[in-house]
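The values are calculated or read from the model by the stated rules, or taken from the named source; none is laboratory data. Since the model is a prediction, treat every value here as computed from it, not as a measurement. Counting neighbours? That spans all protein chains shown, and the Cβs are built from the backbone with ideal geometry, glycine included.
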Amino acid sequence: MTNTDIMFLDDRLLACFCAAAEELHFGRAAARLFMSQPPFSQQIKRLEAMVGAPLFVRTTRSVRLTPAGEVMYQHARTIAGQTRVMLRAVRQAAEGEGGSLVVGIAPTAAYSPVADALYRYRVAHPEVTLDLREMNSVTMEAMLRARTIDVAVMRPMSMDPEFDRFEVFREPMMLALRRDHRWAGRRRVSVDQAATLPLIGYSQQASPYFRGMLQAMFADAGKAPRFVQDSVIPTVLTLVEIGVGAAIVPRSLARLRSESLAFVPLQDPSRAMATIVVASLHGHANLAVDHFRAALRQADRKPAPG
């Protein structure tokens with residue numbers, strides 16, 4: 001392509017051409033653009049000089065497109081349509097109603113009622129491309145800071161003040177047992193009783209939130225539990241299933257192994273309530289984050305009975 005093949009067609013030139021091609025009358029086309037006819041005709045001549053071909057056949061009685069003009073009009077319509085689409089997408093992104101939103105979500109959050117709030121958000125904002133990425137809550141602060149994700153749906157972690165965070169869901173912890181365990185049919189189990197069982201604990205590196213919760217719960221009860229192995233969710237359920245021990249897990253995980261495991265409520269569920277929070281970088285530029293946060297504020301935050 002040579003430099004003579006490169007030209008800049010401003011929107012005014014294209015508007016004049018399209019008006020003339022659609023009206024096939026220079027007077028009406030000029031009036032449509034609130035112009036007088038002489039400067040309008042000059043614009044058309046300028047455009048024809050730029051493209052190097054006549055675009056209209058003009059007589060005293062009629063105006064029609066030349067074959068070159070027909071081709072020009074088809075392309076001009078495409079450009080106009082693409083411009084409208086571009087401007088609509090830009091405005092939607094500026095208003096948080098379009099563009100993309102990258103959400104980091106903790107595995108356990110995916111099993112909770114927060115998933116219903118995600119669905120409601122997608123329905124309310126169909127033009128936003130929602131990219132869900134499952135990841136450990138421990139890594140999310142760094143991901144937010146690096147802007148790899150826009151918002152995090154996570155278990156609570158210690159975070160710097162530069163992050164905005166609020167709670168969206170809370171649920172009781174339950175004792176997970178094999179269905180053939182002697183306690184599987186109980187209506188409730190006390191923390192003291194749970195401490196007598198071999199238990200699957202949580203990895204300090206991967207699951208510090210749940211590890212700290214269990215430590216605080218047993219310390220409050222004055223009990224020293226026997227943890228036989230540390231793991232992460234949902235692997236803890238597999239370890240329970242193969243008979244390694246019991247585990248104390250958030251209630252929403254009962255969806256995963258309802259046939260092979262029994263989930264027994266703790267005697268005093270208020271001792272250990274697992275929460276899910278939404279976090280984002282303060283002063284972010286993506287307005288879709290604000291709409292997402294508002295949608296998740298509607299998630300059920302009340303602990304369910306049991």
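Count of the stretch 266-283 residues, restricted to those that are more than 21 Å from ARG155 (Cα to Cα) and either touching a strand residue (DSSP E or B) at 6+ places or on another chain (Cβ under 6 Å) or modelled with pLDDT under 85 (or both), is 2.
A count restricted to the stretch 112-141 and to residues that are closer than 17 Å to TYR209 by Cα and not acidic (Asp, Glu) stands at 7. Of the residues making up the stretch 177-187, those that are under 16 Å from VAL249 (Cβ atoms) and under 40 Å from the mean Cα position of the chain (by Cα) are LEU177, ARG178, ARG179, ALA184.
If you filter the stretch 136-157 down to residues that are among the hydrophobic types (A, V, I, L, M, F, W, C) and part of a loop (DSSP other than H, G, I, E, B), you find that the one that is farthest from ARG293 (Cα to Cα) is ALA146.
Kindly evaluate ILE248 against the criterion of being closer than 30 Å to ALA295 by Cβ, β-branched (Val, Ile, Thr) and in contact with a helix residue (DSSP H, G or I) (Cβ under 8 Å, 6 or more places away or on another chain). Answer is no for this residue. Evaluate the following for LEU130: is it modelled with pLDDT of 85 or more, in contact with a Ser or Thr (Cβ under 9 Å, 6 or more places away or on another chain), outside any strand (DSSP E or B) and not hydroxyl-bearing (Ser, Thr, Tyr)? Taking the combined requirement at face value, the residue does not satisfy it.
Where residues in the stretch 252-261 are of a type outside the set (Ser, Thr, Tyr) and crowded, with 21+ Cβ neighbours inside 10 Å, which of them is nearest to GLN215 (Cα to Cα)? The qualifying residue nearest to GLN215 (Cα to Cα) is LEU253. Residues that are among the aliphatic types (A, V, I, L, M) and either closer than 11 Å to GLU171 by Cα or in contact with a helix residue (DSSP H, G or I) (Cβ under 8 Å, 6 or more places away or on another chain) (or both) within the stretch 251-276 comprise LEU253, LEU256, LEU261, LEU266, ALA272, MET273, ALA274, ILE276, listed in sequence order.
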